[in-house]
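The structure appears right after this line, and notes come after that.
What follows draws every value from the coordinates through simple rules; no lab data is involved. What you see is a predicted model, and the numbers here were worked out from it, not measured in a lab. As a convention, Cβ positions derive from the backbone with ideal geometry for all residues, glycine included, and neighbour counts pool all protein chains shown.
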């Protein structure tokens with residue numbers, strides 16, 4: 001058996017309402033600060049052009065616990081996308097982490113011993129969309145982050161589920177089989 005909370009991975013997709021590009025697809029790593037996730041977390045403090053990592057904060061001086069770093073999956077090329085990342089998406093991620101503490105998904109007793117890395121998707125079309133619904137962007141990112149954390153800590157999907165669904169479920173973008 002492995003050390004509790006050593007390394008857990010999870011992901012979730014929550015789709016936007018019609019007409020929006022605000023689908024959320026966070027990929028989560030959660031684990032102990034003194035383990036491989038903690039090492040990766042510390043290494044992510046170095047910035048990479050277009051992939052600025054930020055702590056998840058609820059507001060200034062309100063860093064969430066477990067400490068969470070949010071990193072975009074796509075290159076952020078302009079201030080409009082950076083503002084969405086450091087505003088709506090950062091806020092939704094932070095609130096989801098706190099909500100996971102509230103509902104017991106993340107045990108409060110180990111919150112300071114864990115850290116989370118959240119890779120997040122921002123569709124580049126969002127910032128240029130005059131009809132962008134930031135409330136929908138918040139909703140999708142909040143729901144997906146909570147679900148990804150839950151799945152990570154519950155090791156979902158299980159190996160048995162993956163095997164059972166091997167020939168039943170295809171990738172959403174599958175047009176080759």
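A few points about this structure:
- Against the list (1) in contact with a strand residue (DSSP E or B) (Cβ under 7 Å, 6 or more places away or on another chain); (2) within 24 Å of residue 155 (Cα to Cα), the condition residue 57 fails is (2).
- Residue within the stretch 85-108 that is exposed (fewer than 14 other Cβ atoms within 10 Å of the Cβ), out of contact with any strand residue (DSSP E or B) (no Cβ under 6 Å at 6 or more places or on another chain) and farther than 27 Å from residue 34 by Cβ present: yes
- Of all the residues in the stretch 10-26, those that are surrounded by fewer than 18 Cβ atoms within 10 Å (Cβ to Cβ) and under 14 Å from residue 145 (Cβ atoms) number 2.
- Look at (1) more than 24 Å from residue 78 (Cβ to Cβ); (2) within 20 Å of the chain's Cα centre (by Cα) and you find that residue 124 fails only one, number (1).
- Lone unmet requirement of (1) part of a helix (DSSP H, G or I); (2) touching a strand residue (DSSP E or B) at 6+ places or on another chain (Cβ under 7 Å); (3) without any contact (Cβ under 8 Å) to a residue 60 or more places away in the chain for residue 122: (1)
- Residue tally, condition closer than 15 Å to residue 30 by Cβ and surrounded by fewer than 18 Cβ atoms within 10 Å (Cβ to Cβ), over the stretch 68-84: 1
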